Amino acid sequence: MFRDFNEVICLGMGGSYSEIAKDKLFKAKDLYLYQRSLTSIKECIDYVDENSNAIAVLPVETTYKGIIRETIDNLIQTKNQNIQILAETIIPVNDCILSKTTEFYSIMGLIANPNALSKCKKFVRDEMPRQLNIVMAESMDESARLLQNYNLTYSIIGTHKTAELYNLNVLKEHIEDDINNNRRFVIIGDAETEPTGHDKTSLVLFLNDRQGALMDIVQIFVKYKINITQINSKMMNNNAEEQAVFIDFTGHKKDELIQNLIKDLEPLVESVRVIGSYTGF
């Protein structure tokens with residue numbers, strides 16, 4: 001399936017976690033595609049929406065922040081309704097202090113983007129100099145490029161992949177506040193997957209304004225003895241009367257049991273959109 005594509009879109013560059021997930025996909029599938037890096041989730045999804053020969057690697061959930069709404073919200077609004085989740089993987093977060101020097105205790109400056117700083121604020125506060133000179137950057141990639149213009153007392157927050165790409169030394173590992181933080185990534189594209197026996201399906205249900213609608217939906221899953229692994233809801237179009245429910249559950253949309261489940265759900269809601277049946281890699 002993945003060999004039918006010729007381009008992969010990553011969120012960010014310079015050793016981003018999206019690139020790390022892409023590398024894992026390539027290794028698992030013995031795959032190589034041309035890589036294009038974009039700066040926002042919406043840009044990545046829009047590109048795939050307009051280019052059926054491309055897939056994108058996107059974060060969908062973190063231990064630290066939970067579901068990443070931007071990914072799901074844009075995925076369900078694609079013009080090409082055939083775009084769906086094709087696979088998923090878990091990437092452990094390992095933020096590192098990187099520098100051109102090998103001596104951590106000589107570091108007096110740090111170049112980082114606001115998101116990286118917020119994830120690693122305890123380490124920066126407790127382990128780095130009180131008079132640390134912080135230089136703000138827009139991204140991990142920009143941090144690494146800016147570092148080339150500074151002396152050996154400066155460092156950045158990055159990944160092992162960043163260190164590899166920019167020939168930097170890893171001075172400290174796992175500096176993030178939550179050392180058990182993981183990120184779940186999905187691969188999206190215009191393709192169909194086949195059942196493997198170890199699948200998960202994601203769908204979105206657009207609810208009508210009816211009391212007890214969510215309870216009725218859950219009862220359908222109980223009826224078919226299908227395990228819900230995750231359920232989230234959100235308001236659509238800033239209208240409290242327009243609700244969408246996102247559900248992950250075990251099984252593949254081509255399984256007869258799941259097809260019967262979806263048929264039973266359809267009368268209870270305004271519409272149903274399956275946004276992928278997939279397995280991990």
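One line per residue, one yes/no per condition, for (1) assigned by TED's automatic domain parsing to the domain that holds Ala144; (2) in a loop (DSSP other than H, G, I, E, B); (3) under 19 Å from the mean Cα position of the chain (by Cα):
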{"site": "Val204", "(1), (2), (3)": "no, no, yes"}
{"site": "Gln219", "(1), (2), (3)": "no, no, no"}
{"site": "Lys225", "(1), (2), (3)": "no, yes, no"}
{"site": "Gln230", "(1), (2), (3)": "no, no, yes"}
{"site": "Ser233", "(1), (2), (3)": "no, no, yes"}
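Given the criterion of a type outside the set (Gly, Ala, Ser) and assigned by TED's automatic domain parsing to the domain that holds Asn115, identify the matching residue among Glu50, Glu103, Glu7.
Glu103
With Asn167, Asn133, Asn149 as the choices, which residue is of a type outside the set (Lys, Arg) and on the phi > 0 side of the Ramachandran plot?
Only one candidate qualifies: Asn167.
Which of (1) touching a Phe, Trp or Tyr at 6+ places or on another chain (Cβ under 9 Å); (2) touching a residue at least 60 places away in the same chain (Cβ under 8 Å) does Phe249 not meet, given it meets every other one?
(2)
Within the stretch 150-160, can one find any residue that is at pLDDT 95 or above, out of contact with any strand residue (DSSP E or B) (no Cβ under 7 Å at 6 or more places or on another chain) and of a type in the set (Ser, Thr, Tyr)?
For the stretch 150-160, residues at pLDDT 95 or above, out of contact with any strand residue (DSSP E or B) (no Cβ under 7 Å at 6 or more places or on another chain) and of a type in the set (Ser, Thr, Tyr): absent.
How do the pairs read when you match residues in the stretch 214-232 that are under 13 Å from Val245 (Cα atoms) with residues anywhere that are of a type in the set (D, E, K, R) and surrounded by 13 or more Cβ atoms within 10 Å (Cβ to Cβ), using Cβ under 6 Å and keeping only pairs 6 or more apart or on different chains?
Gln230/Asp248
For the stretch 29-53, give me each residue that is touching a residue at least 40 places away in the same chain (Cβ under 8 Å) and among the β-branched types (Val, Ile, Thr).
Result: Thr39, Ile45, Val48.
Among the residues that make up the stretch 69-78, is at least one of them over 22 Å from Lys253 (Cα atoms) and either outside any loop (DSSP other than H, G, I, E, B) or more than 13 Å from the chain's Cα centre (by Cα) (or both)?
Yes, the conditions are met somewhere in the stretch 69-78.
Considering the stretch 31-57 alone, what residues qualify as being crowded, with 18+ Cβ neighbours inside 10 Å, among the β-branched types (Val, Ile, Thr) and not in a strand (DSSP E or B)?
Those that are crowded, with 18+ Cβ neighbours inside 10 Å, among the β-branched types (Val, Ile, Thr) and not in a strand (DSSP E or B): Ile41, Ile45, Val48.
Step by step: first the residues of the stretch 61-85, then only those that are in contact (Cβ under 8 Å) with a residue 24 or more places away in the chain and farther than 18 Å from Gln230 by Cβ, then the one that is surrounded by the fewest Cβ atoms within 10 Å (Cβ to Cβ). Which residue is that?
Ranking the qualifying residues of the stretch 61-85, first place goes to Lys79.
Among residues belonging to the stretch 193-202 that are of a type in the set (Ser, Thr, Tyr) and part of a loop (DSSP other than H, G, I, E, B), point out the one that is surrounded by the fewest Cβ atoms within 10 Å (Cβ to Cβ).
Thr196
Can you confirm whether Thr162 is of a type in the set (Ser, Thr, Tyr) and within 30 Å of Gln81 (Cβ to Cβ)?
no
The values are calculated or read from the model by the stated rules, or taken from the named source; none is laboratory data. Since the model is a prediction, treat every value here as computed from it, not as a measurement. Here the Cβ is made from the backbone with ideal geometry for all residues, glycine too, and neighbour counts use every protein chain on show.
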